[in-house]
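The values are calculated or read from the model by the stated rules, or taken from the named source; none is laboratory data. Everything quoted here is computed from the prediction, not taken from an experiment. Glycine also receives a Cβ, built like all others from the backbone with ideal geometry; neighbour counts cover every protein chain displayed.
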Amino acid sequence: MPHHHLSRAALLALCAAISPAAHGQHPGGGGGIGTGSRSNPTTSNPSPSYTPSSLGDLGTRGIYLSGKVQMEDGSAPPEPVLLERRCGAAYRKAEGYTDSKGRFSFQLGEEQGVLADASFDTVNSNSGASSSTAGNAGTRANNGPGAPLKTTNPSSPGRSLAGCELTASLAGFRSDAVNLDQHRKLDNPDVGVLILRRLANVEGSSISVTTLRAPKDARKAFDKAREALRKGKSDEAEKQLQKAVELYPQFAEAWFQLGLLQQKGGLATQARSSYEQANAADPKLLSPYLPLARIAVHEKKWEEVADFTARLIKLDAVDFPEAYYYNAAANFRLKKLDDAESSARQSLKLDNAHLFPEAAHILGIILYQKNDYAAAAAQLRDYLQMAPQAPDAAQVKSQLAELERMASTSPAGSAGAPQQ
């Protein structure tokens, strides 16, 4: 196969791989108030569906959990914090949020007060579909980087909490984990206190200092917006958010949440402006960076994608494999192969749940362009293993076969590209 043919096919596949639609979400999509702080553990903490199969939660019905989340100094978190049930790397389930005093109480599987978030689209999918087919995964609710998982849904009637734990999720922080393995319906629901501890060397935060400084009236409007959104009253929520930023133009979190509502309403230009206002008000607030990067991806503004993701990675290098993935794609487009390779490798390293298998595809293309055919083939094999039902699977299999042929006929698998 001529050199240019494989390259062109790979590039075409890459175009599809880094499309915002690949993750079943609108660029910059995200949750409403109360979800902006969710990390995309691997975010994360952003970028998965939260609804498991109906069978998977039969065994949890009637199980209640309550407790409290505190910061290291004993204070309540200044913003609602998401409580997640995690059962290994392959299953995450949003259960509820803390109240203003850090307390929580919910029935497992009810998703009380949980709003859709763009960082969890296919975490619970066991369909084997890649993120590019995430929108069709029947077990997903709506959000987060998507990819096939190697394990099946761990929940089953009678043993629904086997291997599961409850954690508080906030980017830049890690919480204690409560083992739910032996928890049963008639047990005391109180699981105690979960402490959020700030990660070392993480400069950014999901909690904006501007929220803590907001005047009383601005904060009151923000709280009214939160309550309106929880009740599904988007128009009222937007009205209150507009009031909050008018009263306090430096209210970064209010700007961010306003941007989410505007984007969901199809007002992309206004949404971008609101995200930029949030970023300008508090550059260390993590929430706006991925929405801005996704919008830039959608518009194919690769310099902006590289910039937004690089800034996010500098603020938090451990919670956002999605940022590394988009950074790799942007730098590939900008012909900065070494930077693209580094980011792709880091995305794969952090992405324990395989939410962004396309990073392996990108890395394979980069290694191919560096004439390392054996290593490139290994990455394509990994991609197909993580995303066996990806729309481009047949094309990638063809590329893989050619790369394996090249590797077998080239010294050390990297003797250079074949001549036309």
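Matching residues to (1) in a helix (DSSP H, G or I); (2) of a type in the set (S, T, Y); (3) surrounded by fewer than 24 Cβ atoms within 10 Å (Cβ to Cβ):
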residue	(1), (2), (3)
A306	yes, no, no
Y325	yes, yes, no
A329	yes, no, no
D339	yes, no, yes
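Taking the stated definitions as given, is L260 aliphatic (A, V, I, L, M) and surrounded by fewer than 19 Cβ atoms within 10 Å (Cβ to Cβ)? It is false that L260 is aliphatic (A, V, I, L, M) and surrounded by fewer than 19 Cβ atoms within 10 Å (Cβ to Cβ). The lone criterion from (1) modelled with pLDDT of 95 or more; (2) surrounded by 20 or more Cβ atoms within 10 Å (Cβ to Cβ) left unmet by D392 is number (1). Could you list, in sequence order, the residues of region 181-209 that are modelled with pLDDT under 80 and either loosely packed, with under 11 Cβ neighbours inside 10 Å or touching a Lys or Arg at 6+ places or on another chain (Cβ under 8 Å) (or both)? Within region 181-209, Q182, R184, L186, L199, A200, N201, E203, G204, S205, S206 meet the criteria. What do you reckon, is S342 small (G, A, S), closer than 21 Å to A171 by Cβ and either in contact with a helix residue (DSSP H, G or I) (Cβ under 7 Å, 6 or more places away or on another chain) or modelled with pLDDT of 95 or more (or both)? The answer is no for S342.
In region 358-379, the residues that are assigned to a loop (DSSP other than H, G, I, E, B) form Cβ pairs under 6 Å with partners that are not hydroxyl-bearing (S, T, Y), at six or more places apart or across chains, as follows: N371/G416; N371/A417.
K300 passes all but one of (1) within 29 Å of Q346 (Cβ to Cβ); (2) in a helix (DSSP H, G or I); (3) not small (G, A, S); which number fails? Among (1) within 29 Å of Q346 (Cβ to Cβ); (2) in a helix (DSSP H, G or I); (3) not small (G, A, S), the lone unmet condition for K300 is (2). Residues in region 317-345 that are aliphatic (A, V, I, L, M) and within 21 Å of the chain's Cα centre (by Cα): A317, V318, A323, A328, A329, A330, A340, A344. Yes or no: E358 closer than 22 Å to A296 by Cα, surrounded by fewer than 24 Cβ atoms within 10 Å (Cβ to Cβ) and either at pLDDT below 95 or under 24 Å from the mean Cα position of the chain (by Cα) (or both)? In short, no.
Out of V305, V245, I need the residue that is over 28 Å from A344 (Cβ atoms) and modelled with pLDDT of 95 or more. Which one?
V245
Could you please tell me which pairs satisfy a Cβ distance under 6 Å, a separation of 6+ or placement on different chains, a first residue in region 284-295 that is modelled with pLDDT under 95, and a second residue that is among the charged types (D, E, K, R) and in a loop (DSSP other than H, G, I, E, B)? From residues that are modelled with pLDDT under 95, the pairs are L286/D316. Summed over region 210-225, the residues that are hydrophobic (A, V, I, L, M, F, W, C) and exposed (fewer than 14 other Cβ atoms within 10 Å of the Cβ) give a count of 1.
Scanning region 130-142 for any residue that is under 26 Å from A359 (Cβ atoms), surrounded by fewer than 16 Cβ atoms within 10 Å (Cβ to Cβ), among the β-branched types (V, I, T) and at pLDDT below 50 turns up nothing.
Just name the residue that is modelled with the lowest pLDDT out of those in region 210-242 that are aliphatic (A, V, I, L, M) and farther than 13 Å from P78 by Cβ. Within region 210-242, the match that is modelled with the lowest pLDDT is L229. Assessment of region 241-254 against the conditions (within 21 Å of the chain's Cα centre (by Cα), within 15 Å of G204 (Cβ to Cβ) and assigned to a helix (DSSP H, G or I)) yields at least one matching residue.
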